[in-house]
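Asks: After the structure tokens below, expect a handful of questions from me.
Derivation of every value follows stated rules applied to the coordinates shown; laboratory data play no part. Predicted model, so just to flag it, every value in this text is computed and none were measured. Positions of Cβ are backbone-derived with ideal geometry, glycine not excepted, and every protein chain shown enters the neighbour counts.
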Amino acid sequence: MTDVEESRNAAANVVVLVTAPSPEKAQEIARTLVEERLAACVNTIGAVRSTYRWEEKVQDDVESLLVIKTRTEAFERLRARVLSLHPYQCPEVIALPIVLGHAPYLEWLGASVGRVS
């Protein structure tokens, strides 16, 4: 498979970033997304420091970061599920396109996420 073919396959996939208030909440969200086939894989990175403006105040919090691999077509269902599980009023749920990737990994990713019916 050429890089161009890999690129076409990659475009169907995204990496979604979500922050969570604790490692326990991050793991709950991660496990639910994989169990429900909304994500192929979720990496949890603990103890990231987030500095942001919220309600006109600068906040500085320690959070966990979820790095979620899924199909583009599953993003809206994944987003809705994260919102249903997340304690924040306005959680971060952003998708970044996968431009290129290792073809076997991308095939596995696609096969691991449930299709929209």
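Asks: Which of the three applies to segment 3-111, rounded, prolate or oblate, going by the alpha-carbon gyration tensor with a ≥ b ≥ c and a/c under 1.5 meaning rounded?
Replies: Verdict is prolate for segment 3-111.
Asks: Hey, another quick one. Based on the mean of other Cβ atoms within 10 Å per residue, sort peptides 109-115, 96-102, 35-41 so the most packed one is first.
Replies: Top to bottom by mean Cβ count within 10 Å: 35-41, 109-115, 96-102.
Asks: Tell me, in nm to one decimal, what length is gained between Val67 and Gln27 on full extension, where the rule is 0.36 nm per residue of separation less the Cα-Cα distance?
Replies: Extending this stretch completely gives an extra 13.2 nm.
Asks: While we're looking at this one, here's another question. When the helix-only estimate is applied to the chain (DSSP H runs of n ≥ 4, each -39,500 (n - 2.57), divided by the residue count), what is the mean residue ellipticity at 222 nm, nearest 500 deg cm²/dmol?
Replies: -10500 deg cm²/dmol
Asks: Right, next: Just need the relative contact order of segment 3-111 here, percent rounded to a whole number, with Cα pairs under 8 Å and 6+ apart.
Replies: 43 percent
Asks: Given the peptides 76-85, 57-66, arrange them by the average over their residues of other C-beta atoms within 10 Å, most packed first.
Replies: Top of the packing list down: 76-85, 57-66.
Asks: Now a separate question. For the pair Leu17/Val58, report the inter-label distance in nm, with labels modelled 7 Å from Cα in the Cβ direction.
Replies: Rounded to a tenth, the inter-label distance reads 1.9 nm.
Asks: On to the next question. Convert each backbone phi in segment 61-77 into a coupling constant with the Karplus relation 6.51 cos²θ - 1.76 cosθ + 1.60 (shift: θ = phi - 60°), then list the ³J(HN,Hα) values in order as whole Hz, x for Gly and Pro.
Replies: 10, 9, 10, 10, 10, 9, 10, 10, 9, 8, 8, 4, 5, 8, 4, 4, 5
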